[in-house]
1. I need every pair where a residue in segment 283-299 that is within 16 Å of the ligand (Cβ to nearest atom) has its Cβ under 8 Å from the Cβ of a residue that is among the acidic types (Asp, Glu) and outside any strand (DSSP E or B), sequence separation at least 6 or different chains.
2. Could you check, for segment 348-357, whether at least one of its residues is open to solvent by 20 Å² or more (accessible area, probe 1.4 Å), among the β-branched types (Val, Ile, Thr) and more than 16 Å from the ligand (Cβ to nearest atom)?
3. Restricting to segment 211-235, what's the tally of residues that are open to solvent by 10 Å² or more (accessible area, probe 1.4 Å), under 22 Å from Leu367 (Cα atoms) and more than 16 Å from the ligand (Cβ to nearest atom)?
4. Starting from segment 186-202, keep only residues that are without any contact (Cβ under 8 Å) to a residue 24 or more places away in the chain, then list their pairs with residues that are small (Gly, Ala, Ser) whose Cβ atoms are within a distance under 6 Å, requiring at least 6 positions of separation or different chains.
5. Identify the residue in segment 301-330 that is within 16 Å of the chain's Cα centre (by Cα) and within 16 Å of the ligand (Cβ to nearest atom) and, among all such residues, is surrounded by the most Cβ atoms within 10 Å (Cβ to Cβ).
6. When the residues of segment 279-300 are filtered to those that are in a strand (DSSP E or B) and not hydroxyl-bearing (Ser, Thr, Tyr), which remaining residue is nearest to the chain's Cα centre (by Cα)?
7. Given the criterion open to solvent by less than 30 Å² (accessible area, probe 1.4 Å) and more than 16 Å from Leu341 (Cβ to Cβ), identify the matching residue among Leu389, Leu384.
8. Any idea which residue in segment 90-117 is most open to solvent (accessible area, probe 1.4 Å), counting only those that are in a loop (DSSP other than H, G, I, E, B), small (Gly, Ala, Ser) and away from the ligand (no atom under 16 Å from the Cβ)?
Amino acid sequence: MRPLLIAHCRQLLTLRGPCGPRRGRQLRELGIILDGAVLIREGRIEAVGPTRRVERHPLARRAEKFDARDYVVLPGFVDSHTHLVFPSSRADEYEQRLAGATYEQIARRGGGILSTVVKLRRASPDALLNQARGWLAEFAAHGTTTLEAKSGYGLDLKSEIKILEVLRRLNREGPLEIVSTFLAAHVVPREYRRRPQAYVDLLVRRMIPTVASRGLAEFCDVFCDRGAFTPAQARLILTAARVCGLEPRLHAEQLARTGGARLAAQLHAVSVDHLERVNRDDIRRLARANTISTLLPGAVFHLGKSTYAPARALIDAGAAVALASDFNPGTSPTVSMPMILSLACAQMRMTPAEAIAAATLNGAHALRRADHLGSLEPGKQADLCAFELCDYREIPYYFGVNLCRWTLKRGQAIYDATGRFQP
Ligand SMILES: [Zn+2]
C-alpha cells in the first residue's frame, strides 16, 4: 500500500512529549503544529512535523496526498469506559426519572441495570453484535478510534461470556479497537439478592478464573458504590482477578462516597472512574497514585444532577485525569466524545486543551496502550480524527453538532464525510 501524507493541517495536535500520563500543567500541552503534516506507512506514523519538512521525507514523494487545510487534526479519541453491548434503551426509565424518581428508586423496583440484564440474557449473540456494530460506526463518526467495553449485563457465567465473545468478534472484525473488561461485579443479580456474599464467592472461584483462562478480558472492574459492592467485596474480587492476570479498575464514588477511590489507589488499580463524591483526602491519594482518575460527565448530565467530579481540584493536585463517555443505556447514552469535552469544559472547568489530552493520551494510559496510542508521534499507530474547524478550542465550544469529518484507524478511513479517501 502507498504511504499516505496528510498535509497542511490547519492545526495538528500531536500531544508529543514525555511518556507517562499527563498531570497538572502538562495536561494543557497539546504540541500544536500549524500547517502540520503526518506521514503514514503500513498503519503507523512515519513522520510528524511542519508540512514543508515532512514533504522532504524520502517516502513523501511517492505518498498519496490529502490536503487537510480545512481541518484541525488530532489523535483519535480513546474512550476508556463504555458498556457497549446492551439489548435496548431504557427510555421508559428516563421518563420516570424526569417525573421525579431517583436512579436508586428505579433500581429497587427492578428497573435499572437489572432490567437490562433480563433482556440481555434472552438476546441472541447476533442481535447484540449487530446493535453494537451500529454504535461502533457512530463512535467512529465522532472521532473515536479505540474503546474499552465492559460486560456486566449478563451477571451469570453464560451471559457474561456471551457479551465478552461479542466484544471479541467486534474487535477481530474491526475497524475499531476494543479492549474488554469483565464487569460481572456490576450489581448483585436478583437470584443472589439475599446472599450477596455467595455471588462474590462465585465470581472469585468460578467466573473470574474461567474468563481469564479463555482470554476473554484484559481487565476486571467492580461497581463499588452504595447499592452495589462494598470496598471489602471489591478488594476480594479484584485481588482474585489480579492473580488470574486481569488488571483491576473500579467504578467508585458516584452515588455515595464509600471508600472506592482509596481502595483503587491502594490496589494500584489501572483506573478509577466516576469520582463525583471524592473528598480532599481521596484527591490527595489519587494525586500520588499511578491510577488514572477517569471522569464521566455524561452520566451526571443525563441523570440531571449537578454534582460533577471535581476535575479542577484533581488536576491541580496532580492526579492523572482521563475523560470517557460511559456509553450505557441507563445513565449515559452517548457515543460523542466531543460532547463529553463540552461538558468537561462547561461543567467541570477543564480547559479545552486539558479535555483533549484527557480524552486521548490519558485515555490511552487508562487502557495501558499509551505506547502505541493517544498521541501522534513516529512509531505510534496512525489513529487520527479531523474536525472542520479553525481552532481546537471549537471542538468543545460547539455542542450538539458533529463537526468530525474523517477518522483514520491504522491509517485507513473508518469514517469519511468528505468522500475524498480511497476506499
Ligand atoms: Zn460505567
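1. Close Cβ pairs (under 8 Å, with a partner that is among the acidic types (Asp, Glu) and outside any strand (DSSP E or B)) amount to Leu296/Asp326; Gly298/Asp326; Ala299/Asp326.
2. Step one: filter segment 348-357 for residues open to solvent by 20 Å² or more (accessible area, probe 1.4 Å), giving 349, 351-352.
Adding the requirement that they be among the β-branched types (Val, Ile, Thr) leaves 351.
Among the residues that remain, those that are also more than 16 Å from the ligand (Cβ to nearest atom) are: 351.
Yes: segment 348-357 contains one or more residues that are open to solvent by 20 Å² or more (accessible area, probe 1.4 Å), among the β-branched types (Val, Ile, Thr) and more than 16 Å from the ligand (Cβ to nearest atom).
3. Going residue by residue through segment 211-235, those that are open to solvent by 10 Å² or more (accessible area, probe 1.4 Å) are 212-215, 217-218, 223, 226-228, 230-233, 235.
So of that shortlist, the ones also under 22 Å from Leu367 (Cα atoms) come out as 212-215, 217-218, 223, 235.
After this cut, where a residue has to be more than 16 Å from the ligand (Cβ to nearest atom) as well, the list is 212-215, 218, 235.
Total satisfying the criteria: 6.
4. So the pair list comes out as Tyr192/Ala198.
5. Taking segment 301-330 as the starting set, the residues that turn out to be within 16 Å of the chain's Cα centre (by Cα) are 320-329.
Now drop any that are not within 16 Å of the ligand (Cβ to nearest atom), which leaves 322-329.
Working: Ala322: 29, Leu323: 34, Ala324: 31, Ser325: 29, Asp326: 29, Phe327: 28, Asn328: 24, Pro329: 20.
Restricting to residues being within 16 Å of the chain's Cα centre (by Cα) and within 16 Å of the ligand (Cβ to nearest atom), the top hit is Leu323.
6. Initially, segment 279-300 is screened for residues in a strand (DSSP E or B), giving 292-295.
Still in the list and also not hydroxyl-bearing (Ser, Thr, Tyr): 292, 295.
Details: Ile292: 12, Leu295: 10 Å.
The residue in question is Leu295.
7. Values: Leu389 fails: more than 16 Å from Leu341 (Cβ to Cβ).
Testing whether each residue is open to solvent by less than 30 Å² (accessible area, probe 1.4 Å) and more than 16 Å from Leu341 (Cβ to Cβ) leaves just Leu384.
8. Of all residues in segment 90-117, those in a loop (DSSP other than H, G, I, E, B) come to 90, 99-102, 109-112.
Within this subset, residues satisfying the condition of being small (Gly, Ala, Ser) are 99-101, 110-112.
Applying the additional criterion that residues be away from the ligand (no atom under 16 Å from the Cβ) yields 99-101, 110-111.
On the way: Ala99: 91, Gly100: 55, Ala101: 18, Gly110: 25, Gly111: 12 Å².
Result: Ala99.
The values are calculated or read from the model by the stated rules, or taken from the named source; none is laboratory data. From a predicted model like this one, the values you see are computed outputs, not experimental measurements. No Cβ is skipped: glycine too gets one built from the backbone with ideal geometry, and neighbour counts run over all protein chains shown. The area values use the complete protein model at the heavy-atom level, side chains included, leaving out ligands, DNA and RNA. Shrake-Rupley method; radii C 1.70, N 1.55, O 1.52, S 1.80 Å.
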